[in-house]
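Colleague: Questions regarding the structure given below will be posed in turn.
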Amino acid sequence: MAVLVTGGAGYIGSHTVAALHERGEEIVIVDNLQQGHRDAILGGKLYVGDLRDEAFLDHVFSENEIDSVIHFAANSLVGESMTNPGKYYHNNVYGTLCLLEAMNKHGVKRIVFSSTAATYGEPERVPIAESDRTMPTNTYGETKLAMEKMMKWFDTAHGIRYVSLRYFNAAGAHESGKIGEDHSPETHLVPIVLQAALGQRSHISVFGEDYSTEDGTCVRDYVHVSDLADAHILAVDRLRREEASAIYNLGSGQGFSVKQVIDIARAVTERDIPVVYEARRSGDPAVLIASSERARQELGWEPKRDKLEDIIRSAWQWHLANPQGYAKA
Ligand code: UFG
C-alpha cells in the first residue's frame with residue numbers, strides 16, 4: 001500500500017517524502033511542478049499533473065494501491081492571495097474538492113492536511129491553542145480553513161478521516177544537504193536573510209519596527225521542516241490506528257523577533273547582513289506562537305531540531321551548497 005503525497009516536490013512536501021522514504025514507505029507523488037522541483041524528490045514515483053484534472057487523478061488512484069493521502073499541493077503566498085483570490089479558491093479549495101471526490105470514489109479513507117497558522121488570523125492570545133478563534137486576515141488562510149471544513153463534512157458523510165496540521169513558520173533544510181527551501185519568488189524571512197548573507201540581495205527589508213513587541217519587530221515561532229515531516233508520519237500512523245480526525249498546531253512554542261532571526265543568522269553565517277527598515281507588510285500579526293501540546297500528547301510529536309540556531313545553520317548549509325537553489329548552473 002502506498003502513501004499518495006500531493007505537492008511532494010515542494011518545500012515541506014519533499015522533506016516529508018524523504019522521511020517516508022527513509023522509513024521504507026511506498027510513495028506516489030502528484031505535483032504539477034508549478035512551484036515544486038523534480039530534483040527535490042528523493043524517493044517514490046512521480047506523476048506530473050494537476051489535482052483539478054479528474055481523468056489524471058482517476059488514473060493515479062487506479063494505477064496504485066493508495067491507503068493514505070498527505071495533501072500539500074496548494075498556493076501559499078499571502079500577498080498574492082490578496083490580489084488574486086480567485087487563484088487561491090480555484091487551486092486550493094476546488095483542488096481539494098477534486099482530491100476528496102477521487103478519494104471517495106476509490107475508497108481511500110485517510111488524509112493528512114497541510115494547514116497553517118494563517119487560519120487563526122490575529123490571535124486572541126499566545127500561545128495559540130487549536131480551540132482558539134479562527135478568523136483569517138487573508139485569502140490564503142481563508143482557503144486553508146475552507147479546506148479543513150470541507151474535510152470535516154467528507155468525514156461526516158463518507159468516513160474520510162483527516163489530520164490537519166497547522167504549521168507555524170517552517171524553516172531549515174534536510175540533514176543530507178540534498179534538499180532545502182527554494183521558492184520563486186522568495187518571500188520568507190529565513191531564506192531572504194541568507195540570500196542577503198550570500199550577497200545575492202543588497203539587504204534584508206524589515207517590515208515594521210513599531211509593533212508592540214520587545215524590539216518592535218514581529219515575533220514568530222520557527223519549526224524545522226524535518227520536524228514537520230516527522231509529524232506527518234505520526235499523523236498517518238494515527239489514521240492507520242483508526243483514531244478520530246483531529247487538528248494540531250505544529251510549532252516550537254518559542255517566539256523570535258525578526259531582529260533576533262537576523263542576529264542569529266549573522267552569528268551562524270559570520271557574514272554581514274545589511275538591514276533596511278521599511279513599513280509594515282499588510283496582514284502581518286505582531287506575534288504568532290503555537291501551543292503544540294496537543295500534538296505532543298496525542299501524536300507523540302517531539303521536535304528534535306528545535307534550536308533556532310540549528311534550524312538556520314541547516315538552511316545556511318543548503319544555501320551555501322546551492323546558491324541558485326534547484327536551478328541548474
Ligand atoms: N519579514 C521581513 N522581511 C522579509 C520577509 C519577512 O521583515 O523580507 C518578516 C515578516 O513581516 C514577518 C516575519 O518576517 O514578520 C516572517 O515572515 P515570513 O514571510 O517568513 O512568514 P509569515 O509569518 O508571514 O508566514 C508564514 C508562512 C505562511 C503562513 C504564515 C502563518 O509562510 O504560509 O506563516 O501566519 F500563512
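The values are calculated or read from the model by the stated rules, or taken from the named source; none is laboratory data. What you see is a predicted model; the values in this text were computed from it and never measured. Cβ: placed from backbone, ideal geometry, glycine included. Neighbour counts: every protein chain shown.
Colleague: Can you list the strands (runs of 3 or more DSSP E) found entirely within the stretch 221-320 that contain at least 3 residues being closer than 25 Å to Gly208 by Cβ?
Modeller: It comes to 275-278.
Colleague: A further question on this structure: Working carefully through the options Glu175, Glu142, Glu148, find the one that is surrounded by fewer than 23 Cβ atoms within 10 Å (Cβ to Cβ) and either away from the ligand (no atom under 14 Å from the Cβ) or in a strand (DSSP E or B) (or both).
Modeller: Result: Glu175 is the single residue among Glu175, Glu142, Glu148 that is surrounded by fewer than 23 Cβ atoms within 10 Å (Cβ to Cβ) and either away from the ligand (no atom under 14 Å from the Cβ) or in a strand (DSSP E or B) (or both).
Colleague: Here's something else I'd like to know. At pLDDT 95 or above, within 16 Å of the ligand (Cβ to nearest atom) and within 19 Å of the chain's Cα centre (by Cα), is that true of Ile264?
Modeller: Values: at pLDDT 95 or above: yes; within 16 Å of the ligand (Cβ to nearest atom): yes; within 19 Å of the chain's Cα centre (by Cα): no.
In short, no.
Colleague: So which residues in the stretch 214-226 are more than 23 Å from Ser114 (Cα to Cα) and more than 10 Å from the ligand (Cβ to nearest atom), if there are any at all?
Modeller: Of the stretch 214-226, the ones more than 23 Å from Ser114 (Cα to Cα) are 214-218.
Result: Glu214, Asp215, Gly216.
Colleague: Tell me whether the stretch 16-27 contains one or more residues that are under 26 Å from Ala171 (Cα atoms) and in contact with a Ser or Thr (Cβ under 8 Å, 6 or more places away or on another chain).
Modeller: There is at least one residue in the stretch 16-27 that is under 26 Å from Ala171 (Cα atoms) and in contact with a Ser or Thr (Cβ under 8 Å, 6 or more places away or on another chain).
Residue-wise test of (1) more than 30 Å from Met135 (Cα to Cα); (2) surrounded by 18 or more Cβ atoms within 10 Å (Cβ to Cβ); (3) in the same structural domain as Ala118 (by TED's automatic domain parsing).
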| site | (1), (2), (3) |
| --- | --- |
| Ile233 | no, yes, yes |
| Ala244 | no, no, yes |
| Val258 | no, yes, no |
| Val268 | yes, yes, no |
| Arg296 | no, no, no |
| Trp301 | no, yes, no |
| Leu308 | no, yes, no |
| Ala327 | yes, no, no |
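Colleague: If you don't mind, another one. Pairs under 8 Å by beta carbon, first residue over 18 Å from Ser252 (Cα atoms) and of a type in the set (Asp, Glu) in the stretch 281-294, partner at pLDDT 95 or above and part of a loop (DSSP other than H, G, I, E, B), six or more apart or different chains?
Modeller: The qualifying pairs are Asp284/Gly208; Asp284/Cys218.
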